[in-house]
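Trainee: I'd like to ask some things about the structure below.
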Amino acid sequence: MPVIRLFRILPRGHRIAISTLSAGMVLLALLPSEPAVASRNIAEDTALPKIIGQRRTLELDVENIPFSDHRRHEREQVIEVKSGDALSLIFARLDLPSALLHDISQMEQAKPLQTLHPGDKLTFRFTRDNHFSGLLYPLDAARTLEITQHAKGLTGRILSAQLESRQRFAQGQVSSSFWNAGTTAGLSASQIMSLAGMFAWDLDFALDIRAGDYFTVLFEEQYKDGLRVGTGDILAAEFVNQGKVYRAVRHDDGNYYSPEGRAMRKSFLRAPVNFSHISSNFNPRRLHPVTGQVRPHRGIDYAARTGTPVMAAGSGVVTESGYNRFNGNYVFIRHDGKYLTKYLHLHERTVKKGQRVKQEQQIGTVGATGRVTGPHLHYEFLVNGVHQDPKTVKLPQAARLPAAELARFKPRAGKLLAQLTRVSEVMLAKN
């Protein structure tokens, strides 16, 4: 054969090497593989049981414990409260018995169910055979009212969840309005109103706010099981108005104070009404819009919708509450013998002469009574019988925290305000 002839003509050394290599390969091929050796060893060892491919039963000592399902409900149904809804209407839609509604209404814990609001959610629980077993009603982010049906009757309790508070900053700059700046900064409507309320004794948010004013706010957010469920208190805030800096810090008594420890709440509010815009400012030589004559306008007109609440700018005693054809419905309030405030053209009056009122208490509503061209509140401020511009009149200084409280307040206030300063500087650098 050609292969054998070629092998014979090779040099003797080559033939020896090829023969040795071939013999080695044959020996390797004949050796048993590892699985084969293992199988052979198992088969040869007669002391081991033959378990390959066989099922064997293992004896386990397990206690037989019967399963018990302790759940009182099998199904939940979530109902969102609609406009005009009452608990009775919701029960009727779910075909729940009126006797059950009566029993729930008699429970002290169930009083919040008497004042449902659109958007609220009620979770009804039912058993396997579709009988009422319970009701859940969230009171706020942390508390839930739970009513449970037992064999012996109904029980109610408040479930409280542990909320986690986290701090967050918001920054805004006024271009068109303070409200728009707040929403652009990510603040909620309630936070915007709270921020305005903090500085309401120093700033009139209609007359004083200008484009370019800016603010920085440090506030809390509430988290439940890692999910954001709402906003908490404003901890500190800075408002820069026409270059002047106003700062406020929340103390552990729930009130806000300046960095020096003076209360932000002062004797008088700068504006006694929530307004849409200002129709007329203080002007001693103003042309009267009805008569066309030059007559002093010794106050400020706050244009707002009829029925808008009017608040007392400060605490005091009502000296006049009446009506005439020029002022319409009016209320005068004396404050500490030195100050007098007047509220004219009211739609209605809610206080009487001689009545003592508190700051921010409603005393009437905006109207268009008397000699006017449209609904508004005319507001005047007198000091010792002399008219002053309510926007610029100097007001009494606010009370300062007692020494012991001030010592506790200042370190925490300093820390919070330092955080505000750093964030504010970053904002200015960006702009």
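The values are calculated or read from the model by the stated rules, or taken from the named source; none is laboratory data. This is a predicted model, so every value here is computed, not measured. A quick note on method: Cβ atoms are made from the backbone with ideal geometry, for glycine too, and the neighbour counts reach across all protein chains shown. Heavy atoms of the whole protein, side chains included, go into the accessibility calculation; ligands, DNA and RNA do not. Shrake-Rupley method; radii C 1.70, N 1.55, O 1.52, S 1.80 Å.
Trainee: Would you kindly calculate the translational diffusion coefficient of the stretch 373-431, applying Stokes-Einstein with the Kirkwood radius from alpha carbon pairs, for 37 °C and a viscosity of 0.692 mPa s, and quote it in µm² s⁻¹ without decimals? Don't jump to the answer; show the numbers that get you there.
Mentor: Details: Rh = 16.3 Å.
Stokes-Einstein gives a translational diffusion coefficient of 201 µm²/s.
Trainee: Given the protein chains as shown and a 1.4 Å probe, how many square angstrom of E425 are accessible, to the nearest 10?
Mentor: 110 Å²
Trainee: In what sequence, largest accessible area first, do F215, F332, F326 appear using a 1.4 Å probe?
Mentor: Details: F215 0, F332 35, F326 90 Å².
My answer, sorted largest first, is F326, F332, F215.
Trainee: Could you sort F124, F205 by accessible area so the largest value comes first, with the probe set to 1.4 Å?
Mentor: Working: F124 0, F205 45 Å².
Order by accessible area, largest first: F205, F124.
Trainee: Within a Cβ distance under 10 Å of D252, other residues only, what is the Lys/Arg minus Asp/Glu net charge? Don't skip to the answer; put the middle values down first.
Mentor: Numbers: positive: R250, R408, R412; negative: D253, E405.
Surrounding charge for D252 is +1.
Trainee: I would also like to ask the following. Considering only protein heavy atoms, with the full assembly of protein chains and a 1.4 angstrom probe, order W179, W201 by accessible area, largest first.
Mentor: Values: W179 110, W201 20 Å².
So, going from the largest accessible area down, we get W179, W201.
Trainee: Right, next: Over what distance in Å are the Cα centres of the stretch 173-189 and the stretch 310-375 separated?
Mentor: After rounding, the separation between the Cα centres reads 32 Å.
Trainee: Working out 0.36 nm times the residue gap between L89 and D252, then minus their Cα-Cα distance, what length gain in nm do you get to one decimal? Please report the intermediate quantities before stating the final value.
Mentor: Details: separation 163, 0.36 × 163 = 58.68 nm, distance 4.33 nm.
Computed gain between L89 and D252 is 54.4 nm.
Trainee: Also, quick follow-up: Carbon and sulfur atoms: what percent of the 1.4 Å accessible area of the stretch 372-420 do they account for?
Mentor: Details: 1480 of 2630 Å².
Carbon and sulfur together cover 56 percent of it.
Trainee: Taking only the Cα atoms of the stretch 328-431, how large is their convex hull per residue, in Å³?
Mentor: On the way: hull volume 20.3 nm³, N = 104.
About 195 Å³ per residue, rounded to a whole number.
Trainee: For a quick check of understanding: with a 1.4 angstrom probe and all protein chains in place, what accessible area in square angstrom does M193 have, to the nearest ten?
Mentor: 100 Å²
Trainee: Would you kindly calculate the mean projected area, averaged across all directions, of the convex hull enclosing the Cα atoms of the stretch 124-264, in square nanometres?
Mentor: On the way: hull surface 48.4 nm².
For the stretch 124-264, the mean projected area of the Cα convex hull comes to 12.1 nm².
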